[in-house]
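Q: There's a structure below that I have some questions on.
The values are calculated or read from the model by the stated rules, or taken from the named source; none is laboratory data. Please read these numbers as outputs of a predicted model, since none were measured by experiment. Quick reminder, even Gly has a Cβ in these numbers, built from the backbone with ideal geometry, and neighbours come from all protein chains shown. Quick note on the areas: whole protein, heavy atoms, side chains included, nothing else; ligands and nucleic acids left out. Shrake-Rupley method; radii C 1.70, N 1.55, O 1.52, S 1.80 Å.
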Amino acid sequence: MKHDNYLELYKTKTFESMNLYFKAREIFPGGISHNIRFFKPYPFFTQKARGKFLFDVDGNKYLDFWNGHWALILGHSPPRVTQKLRKQLKNGTLYGTANKISLKLGWEINRAIPLAENTRFCSTGSEATMYAIRLARSASGKRVIAKVEGGWHGFNTNLLQSVNYPYEVDEGLGLIEDEGHFVESLHFNDLERSLKVLESIKDDLAAIIVEPVMGGAGCILPKNGYLQGLQEFAQKNGSLFILDEIVTGFRFSYGAAMDNLKLEPDLFTLGKIIGGGLPIGAVCGKKEYMRLADSTVDGDKSTYCSIGGGTFSANPLTMKAGYHTLKTLKNDPTIYDKINDLGEFTRVGLSKILEEIKIKAEVTGIGSLFMIHFLNDDVESINSASDAALSNKEMLNNYNLALMANYDIFFLPGKMGAFSNAHDKKDAIRLLNATRSIFENTVI
């Protein structure tokens, strides 16, 4: 089967989604409310989700490896969480005041990640990273933030630099030109080049912010010593080291990736999993820096860093969903064994199949995360966001469409996959078999 056939098959089975998408374009820019949720020819419209499945308006049932931007580690609507939410609905959804359940989630995060000496909840990851760099600038008295090329830290203006290839071009209209002077880009996994850049801006360097594993840029692991080298430079320079653990927090084990990597960030951000499927973000860190957010002390506004939180911060529904998600993970450590084993089984299986069929590709990932990169004459291995961006993205998107159209398997096209506790080995085997079938019988 050719790629065009998969395209037509997808259109045939998603007719109502097509109609809805045309209507959506009349009210939403581009027909969507998050840029990456569009894919060609148009996205299907989900009607409900349960466990490991998405059900669309046309009656299709997809095995879901996207898992709500990798946030749903227990799967869609896990009963242990939804039962608690039903009870909370009777007591209110938004108090706009302090509530006890926020303490329970805050203490649970602190016990799991001791460096979360203080936490400030918000509603999105973008807010969390924005607050983190504001705190860093307040603590250091400096202005420049260093991030890696391809590093994704949300849509806040300060960090919307060098996200998508080509990295030297602005990410879009409306960004303030002067702001770019206070963000410098580092080349991921090239410590020597990164240190040269840091040395050149050290006098005004407020912080270095980096993901422990590059998520949106392609599920890329750090080389030994790279993150440690960045942290060491920040410490010696009097700058702050910030880890963005919005994807990695509670993803591989009950805690943060910083534990496995032997890192001690001054500040770090969390999101996704700690919300239990509801909106959340959090900036956490050492008290000496987080105390700058304390506006209750005597003094005027020149004495503290205003990082807010937002109307929906620490709302009782999110706090309850997050708390019971973490308690489930803590009380059943076999969940991590299961999903990490599924990730390893899948990475090994995909690599073997692609090698046997003589498809040039590299499978990246760790724990329950995985992604295929199709290689070409320009890219022979995946070590950075540039490598991922210059790989054969067309083949990846065609592969993802083929999985959707003929095998009812969903990845957001171009993005990595994740296992949840709702998945099992049969799902991994189903993906492997579909992958073999696609490349043995399709020109994509």
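Q: When ranked by the protection proxy of mean other Cβ atoms within 10 Å per residue, highest first, what sequence do the peptides 105-113, 302-310, 11-19 form? Numbers along the way, then the final one.
A: On the way: 105-113: 19.1, 302-310: 14.1, 11-19: 16.3.
The most tightly packed comes first, giving 105-113, 11-19, 302-310.
Q: Could you sort the peptides 90-102, 271-283, 224-236 by per-residue average Cβ neighbour count (10 Å cutoff), highest mean leading? Don't skip to the answer; put the middle values down first.
A: Values: 90-102: 11.9, 271-283: 26.1, 224-236: 17.1.
For the peptides 90-102, 271-283, 224-236, the packing ranking is 271-283, 224-236, 90-102.
Q: Moving on. From Cα pairs below 8 angstrom and at least 6 apart in sequence, can you work out the relative contact order of the stretch 288-444, rounded to a whole percent?
A: On the way: 157 pairs, mean separation 29.8, N = 157.
RCO, the stretch 288-444: 19 percent.
Q: Next up: Could you tell me how many cubic angstrom of Cα convex hull volume the stretch 182-253 has per residue? Present the calculation step by step, with values, prior to reporting the outcome.
A: Details: hull volume 7.1 nm³, N = 72.
For the stretch 182-253, the hull spanned by Cα atoms encloses 98 Å³ per residue.
Q: Still on this structure: Place a point 7 Å from Cα of residue 352 in the direction of its Cβ. Which residues in the stretch 416-441 have their backbone N less than 16 Å from it?
A: From the stretch 416-441, the list is 425-437.
Q: Working only with C-alpha atoms, what are the Rg and Dmax values of the stretch 283-411, expressed in angstrom?
A: 22.6, 69
Q: Let me have the relative contact order for the stretch 365-440, percent, based on Cα pairs under 8 Å that are six or more residues apart.
A: Numbers: 62 pairs, mean separation 23.4, N = 76.
Answer for the stretch 365-440 is 31 percent.
Q: In the structure displayed, which of 202/286; 87/272; 320/425; 13/52 lie more than 28 Å apart, Cα to Cα?
A: On the way: 202/286 22 Å; 87/272 22 Å; 320/425 30 Å; 13/52 20 Å.
Listed pairs above 28 Å: 320/425.
Q: Return the distance in nm (one decimal) between the two label points of a simple spin-label model at residue 344 and residue 394, each offset 7 Å from Cα along Cα→Cβ.
A: Simple spin-label model gives 3.8 nm for this pair.
Q: On C-alpha positions alone, give me the angle between the axis of helix 393-407 and the longest principal axis of the chain, in degrees, nearest 10.
A: Orientation of helix 393-407: about 60 degrees from the principal axis.
Q: Next question, about the same structure. For q values of 0.21, 0.22 Å⁻¹, compute log₁₀ I(q)/I(0) with the Debye formula on a Cα-only model of the stretch 369-444, without solvent.
A: -1.01, -1.08
Q: Using only alpha carbon pairs under 8 Å that are at least six residues apart, calculate the relative contact order of the chain and give it in whole percent.
A: Working: 845 pairs, mean separation 99.1, N = 444.
Computed value for the chain: 22 percent relative contact order.
Q: Continuing with the same structure: Scan [x] 69, 56, 46; [y] 86, 53, 46; [z] 90, 57, 36 for the value of Cα extents along the principal axes in Å calculated from this model and give just the label.
A: [x]
Q: Within the accessible area of the chain, what % is carbon and sulfur when the probe is 1.4 Å and the other protein chains stay in place?
A: 50
Q: What does the accessible area per residue of the chain come to in Å², with a 1.4 Å probe and no ligands, DNA or RNA counted? Each step should come with its number before you reach the end.
A: Working: 20010 Å² over 444 residues.
Per residue, the chain has an accessible area of 45 Å².
Q: Taking amide H atoms as placed 1.01 Å from N in the peptide plane, list the residues 5 or more away in sequence, or in a different chain, whose amide H sits under 5 Å from that of residue 361.
A: It is 375, by chain and number.
Q: Next question. Take residue 291 and residue 111, extend 7 Å from each Cα along the Cα→Cβ direction, and tell me the distance between the two endpoints in nm.
A: So the two model labels end up 2.6 nm from each other.
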